1. Could you tell me whether any residue of the range 111-130 is in contact with a helix residue (DSSP H, G or I) (Cβ under 6 Å, 6 or more places away or on another chain) and charged (D, E, K, R)?
2. Residue under question is Val92, and the condition is that it be more than 26 Å from Leu192 (Cβ to Cβ), in a helix (DSSP H, G or I), hydrophobic (A, V, I, L, M, F, W, C) and touching a residue at least 40 places away in the same chain (Cβ under 8 Å); does it hold?
3. Please tell me if Thr131 is β-branched (Val, Ile, Thr) and closer than 30 Å to Lys216 by Cα.
4. Within the range 95-113, work out how many residues are touching a residue at least 40 places away in the same chain (Cβ under 8 Å) and over 17 Å from the mean Cα position of the chain (by Cα).
5. Quick check, is Val60 closer than 30 Å to Pro134 by Cα, modelled with pLDDT under 90, buried (at least 17 other Cβ atoms within 10 Å of the Cβ) and among the hydrophobic types (A, V, I, L, M, F, W, C)?
6. Please find, among Phe107, Phe197, Phe186, Phe143, the residue that is of a type outside the set (Ser, Thr, Tyr), over 30 Å from Gln6 (Cβ atoms), in a helix (DSSP H, G or I) and touching an Asp or Glu at 6+ places or on another chain (Cβ under 6 Å).
7. What pairs can you find where one residue is in the range 8-33 and of a type in the set (D, E, K, R), the other is assigned to a helix (DSSP H, G or I), and their Cβ atoms are less than 6 Å apart, with a gap of 6+ or different chains?
8. Among the residues that make up the range 182-189, is at least one of them in contact with a Phe, Trp or Tyr (Cβ under 7 Å, 6 or more places away or on another chain) and either modelled with pLDDT of 50 or more or of a type outside the set (Val, Ile, Thr) (or both)?
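The values are calculated or read from the model by the stated rules, or taken from the named source; none is laboratory data. None of the values given here were measured: they were computed from a predicted structure. With ideal geometry, Cβ positions are generated from the backbone for all residues, glycine too; neighbour counts draw on all protein chains shown.
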Amino acid sequence: MDGCAQICKCFLILFNTLFALLGFGLVGLGLWLRFGVETKGLFDIDLNTTQFNIGVVVLVVTGVLMLVVAVVGDYGACNNNKSALGVFTCLVSVLMTVEIAAGVMAFMWSGRVAEELANFYMSVYAQYLNTRAPGQAITLKMFHNAFDCCGIGGPIEMLVRDTCPEGSFMQQITYSSCPGVIKDMFQSNAPLVLGGFLGTAGVLLVALVCSIVLRKENSEPCMSTPSYALLTSPSHQMYASPAQPLYA
């Protein structure tokens with residue numbers, strides 16, 4: 001195996017190890033959101049939407065797929081298995097295509113995503129004012145801490161001060177309206193989101209090239225001893241050469 005193939009092998013092992021850790025993290029986060037003591041109340045919220053449930057399911061499924069890809073890739077790289085490297089190449093090609101498509105869609109639909117998320121927040125906000133349920137309170141705290149905002153503005157915010165981020169009284173009464181902050185953040189950070197998706201696709205492209213190089217290296221036949229070498233052996237010369245007189 002030449003130096004280029006050795007570098008590709010080391011890169012694939014490191015890449016798949018990090019990929020597996022990231023997959024474990026996504027699966028753990030999804031399971032925590034679904035079954036954690038602090039967050040399982042989110043699924044008891046009575047909303048006319050299922051985006052949050054779908055998001056958690058997508059999180060877990062994505063983590064499992066990443067684990068499968070990492071296991072196949074590590075097995076192929078460590079054992080120089082041509083079949084496993086072929087499967088890994090196909091899976092990485094699909095993931096890279098999905099990453100590029102997801103980045104473009106997120107960039108193009110950033111306004112729509114922000115609108116949907118703002119509407120989701122306002123639905124939880126309205127239900128919390130009516131029910132004071134723990135599930136809604138946890139959801140509002142997550143939004144408030146993530147976006148550094150609180151409520152929708154106005155005197156009615158005194159009813160949800162307990163869910164605002166920690167700070168002085170002056171800070172709490174000057175927090176921005178969450179729907180506006182959510183929309184502005186998504187629209188202003190849309191290029192960064194696109195760059196993140198494209199950067200991830202670039203790393204996947206490097207892994208794809210390394211997998212192809214390593215698979216090609218394993219496909220080359222090993223050099224074998226040429227058959228004519230047997231003709232030059234001393235024993236063959238003894239029998240193949242004309243008989244020599246024992247004495248002159």
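1. Among the residues of the range 111-130, not one is in contact with a helix residue (DSSP H, G or I) (Cβ under 6 Å, 6 or more places away or on another chain) and charged (D, E, K, R), which makes the answer no.
2. No.
3. So Thr131 fails the test.
4. The number of residues fulfilling the criteria is 4.
5. Yes: the conditions hold for Val60.
6. Phe197
7. Lys9/Ala77; Lys9/Leu214
8. Taking the range 182-189 first, the residues in contact with a Phe, Trp or Tyr (Cβ under 7 Å, 6 or more places away or on another chain) are 182, 185.
With the extra rule that they be either modelled with pLDDT of 50 or more or of a type outside the set (Val, Ile, Thr) (or both), the set shrinks to 182, 185.
Taking every residue of the range 182-189 in turn, at least one turns out to be in contact with a Phe, Trp or Tyr (Cβ under 7 Å, 6 or more places away or on another chain) and either modelled with pLDDT of 50 or more or of a type outside the set (Val, Ile, Thr) (or both).
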